[in-house]
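Trainee: I have a structure I would like to understand better, so I am pasting it below and will then ask my questions one at a time.
The values are calculated or read from the model by the stated rules, or taken from the named source; none is laboratory data. Predicted, not measured: the structure shown is a model, and the values here were computed from it. Ideal geometry is used to build each Cβ from the backbone, glycine not excepted, and the neighbour counts take in all protein chains shown. Surface areas here come from the heavy atoms of the whole protein model, side chains and all, with no ligands, DNA or RNA. Shrake-Rupley method; radii C 1.70, N 1.55, O 1.52, S 1.80 Å.
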Amino acid sequence: MIKLIQFELKKIFKSKFNLLLLILIFGTCFYMIREQSSRHYYPFEGENISLEGETLSDIETMRYLDEFKHLHAGNVDENYLKGMQDLYNSYIEKFQMNELDDELMKKAYGDNYLEIIEAGMNGSMSESEIEELRQKIYDAQDSSEFQYGVNWPNIYYNEDGTFSLNLFYKNQDKSRILSMLFSPSYEMLANKEEHLINYNDIKNKNYEMHEYDSSRIDFHSGFLRAEYITEDELALLNEDYVNWLNHKFLSNSTYADSEVGLETLNRMIGDSSMVLSRLLLILLIVVLCADVFSIERSNYVDQLLACSQKGNRQVYVAKWITMLILSILICIEYVIMAVGYVRYLVPIRNWNLVSESQFFLFTYKELILNNIGVLLTALLATASMTGFLSCVTKNRFASAIVSLCILLFPFFTGNWPGPYKNIPSMIVYGTDLWWGEFKSIGGVMASSLILTASLWLIISLVIFVIGYIKERRHVVS
């Protein structure tokens, strides 16, 4: 069997087209990883200025943040929070960032900007004066933003007739890096018991309608900040579900360290900005697996196998194992490539750090393993589907075209992933690990990835058996 598998792999990679496509797709994926890995830290407006006054590139920003956060790593408690707050205040005082920049404020709002600020607070300006101010602000926005640093001149209106201005402080060019150095806020980890979800808030419908969409709601309770969701989505949180979320929140680590490397790696494997790379890997699987069975017909080997008492069945099993190995190897290679490049940029720290993006519910280890599982499930599902079509049609082009039609169909419906979330090309879109993607099965909370993988495992077993029955024919003529 091992020799058969080796022979199948040799046949696949003997093709110059397959090798060229493999190199091209992995080259493209590496290019995307290289371009996107530090893009999150790219200063789209102004520049990243270190506290020492040096201009930082996006990669230098990553390393600067990582070194600072790792230097101030520790267990989050009241003393830790107080120490970090004192450090933050010392920087604000050192760089006079709590003092208005008189020159910029006059340039943006006029010499009487203090009077305007006071009038905005008490609502004493007339409509004509506010309109004149608004036009002045719009004119200021038309000029180069870099004249003002990291913020635009702007005005914010309140329902009670008051308004506020975008304020410009001294040394505000350092404000961006300062906010990144001291984020995320770990306040909830120091007092977890005070930030648990209250099930009564759900039962009593203590939520607000979304500001711009009356069909959506914003729900805030404890550590959970669920915004722009439907009432049906909130209704999924029954009492057992809430108890499980609270228990998971309480049981997670309270250690703070640099999350720069882990966050970057998580985005490279599972972020929406990298979905094209995952779709390219799915395309690679389609091309490689479409020829697994059809190649025997093109070489007339299928006629020889049909006359063999056991050969046909052994080769069939070997081909399926080969497709399984291909999917795993491609997934591993992509993950190694992502890990290697991220580690080249910054160290990957404590895997048990909790992610603020998911309300400190999940560790980076859980998020990254979930995203690897998502990719692997999509690749295995694609291999299973394409391999079965290749087995049935015995035609490389027919099986590849039909597979691509199935994979691309949801994109043309205008409603994806939606009802098509279990199609391989949609799996990489819709199986993120987040608070609302769990279901209770026999008292155990299972993520959507587990459910999707289980579904495709059943489908794969069924079509494997169908193909096995079809291929076990023993013909002697």
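Trainee: Tell me the per residue accessible area of the stretch 315-380 using a 1.4 Å probe; a whole number in Å² is fine.
Mentor: 36 Å²
Trainee: Further question on the same structure: At 1.4 Å probe size, with every protein chain present, just tell me what the per residue accessible area of the stretch 108-253 comes to in Å².
Mentor: 58 Å²
Trainee: Roughly how much of H210 is accessible, in Å² to the nearest 10, using a 1.4 Å probe?
Mentor: Roll a 1.4 Å probe over it and H210 shows about 50 Å².
Trainee: Send over the semi-axes of the chain's equivalent ellipsoid, whole angstrom and largest first, taken as the square roots of 5 times the C-alpha gyration tensor eigenvalues.
Mentor: For the chain, the semi-axes come out at 54, 26, 23 Å.
Trainee: If you don't mind, another one. Between the helical axis of 127-142 and the dominant principal axis of the chain, each derived from Cα atoms, what acute angle in degrees is found, rounded to the nearest 10?
Mentor: Its long axis makes an angle of about 50 degrees.
Trainee: Quick one: net charge around N79, please, counting Lys, Arg +1 and Asp, Glu -1 for every other residue with C-beta under 14 Å from its C-beta.
Mentor: Net local charge, N79 excluded: -3.
Trainee: Kindly provide log₁₀ I(q)/I(0) values, in the same order as q = 0.21 Å⁻¹, from the Debye equation applied to equal alpha-carbon scatterers of the stretch 1-90.
Mentor: -1.09
Trainee: Pop a pseudo-label 7 angstrom from the Cα along the beta-carbon direction at both F13 and F30 and give the gap in nm to one decimal.
Mentor: Those two pseudo-labels are separated by 1.6 nm.
Trainee: Relative to the longest principal axis of the C-alpha atoms of the chain, give the angle of the C-alpha long axis of helix 396-408, reported between 0 and 90° and rounded to the nearest 10°.
Mentor: 30 degrees
Trainee: Here is a further query. Once you keep just the Cα pairs under 8 angstrom separated by 6 or more residues, what percentage relative contact order results for the stretch 185-283?
Mentor: Reported as a whole number, the value is 22 percent.
Trainee: For the chain, which whole-number percentage of the solvent-accessible area (1.4 Å probe, protein heavy atoms only) is attributable to carbon and sulfur atoms?
Mentor: Of all accessible area on the chain, carbon and sulfur atoms account for 56 percent.
Trainee: Against the longest principal axis of the chain, how steep is helix 16-36, in degrees 0 to 90 to the nearest 10, with axes from Cα atoms?
Mentor: With both axes taken from Cα atoms, the answer is about 10 degrees.
Trainee: So, one more: Accessible surface of E356 in the full protein assembly, 1.4 angstrom probe, to the nearest 10 Å²?
Mentor: Only protein atoms counted, so the area is about 90 Å².
Trainee: So for the stretch 63-135, considering every pair of alpha-carbon atoms, how many percent are separated by more than 16 Å?
Mentor: 68 percent
Trainee: Once you place label points 7 Å from the Cα toward the Cβ at Q6 and Y42, how far apart are they in nm?
Mentor: Spacing of the two 7 Å Cα→Cβ label points: 4.7 nm.
Trainee: Could you compute how much accessible surface L51 exposes when probed at 1.4 Å, giving the result in Å² to the nearest 10?
Mentor: 20 Å²
Trainee: Same structure again: Under a plain spin-label model, where a point goes 7 Å from the Cα along Cα-to-Cβ, how far apart in nm are D240 and V275?
Mentor: If labels sit at D240 and V275, their model points lie 3.3 nm apart.
Trainee: Further question: How big is the stretch 16-63 along each principal axis, measuring the range of its Cα positions in Å and listing the largest first?
Mentor: Taking max minus min along each principal axis of the Cα atoms, the stretch 16-63 gives 53, 19, 11 Å.
Trainee: When the distances between all Cα atoms of the stretch 105-261 are binned every 5 Å from zero, what whole-number percent does each bin get?
Mentor: Going out from 0 Å in 5 Å bins, the stretch 105-261 shows 2, 7, 12, 11, 10, 11, 13, 13, 10, 7, 3, 0 percent.
Trainee: Please state the relative contact order of the chain as a whole percent: Cα pairs under 8 Å, 6+ residues apart?
Mentor: Relative CO of the chain lands at 18 percent.
Trainee: Across the Cα atoms of the stretch 372-418, what radius of gyration and what greatest pairwise Cα-Cα distance (Dmax) are found, in Å?
Mentor: Answer for the stretch 372-418, Rg first and Dmax second: 12.1, 33 Å.
Trainee: Let me check the size of the stretch 177-268 from its C-alpha atoms; what are the radius of gyration and Dmax in Å?
Mentor: Cα-based Rg and Dmax for the stretch 177-268 come out at 15.8, 42 Å.
Trainee: Hey, another quick one. Give or take rounding to whole Å, what are the principal axis extents of the alpha carbon atoms in the stretch 343-391, in descending order?
Mentor: Principal extents (largest minus smallest coordinate, Cα): 46, 28, 13 Å.
Trainee: Something else about it: Select from the stretch 183-245 those GluC sites (Glu not before Pro) which occupy a DSSP coil region and have at most 15 other Cβ atoms within 10 Å, ordered by residue number.
Mentor: Those that pass, being in a loop and sparsely packed, are E211.
Trainee: May I pose another question? Restricting to DSSP H runs of at least four residues, report the calculated mean residue ellipticity at 222 nm for the chain, -39500 (n - 2.57) per run over all residues, nearest 500 deg cm²/dmol.
Mentor: -18500 deg cm²/dmol
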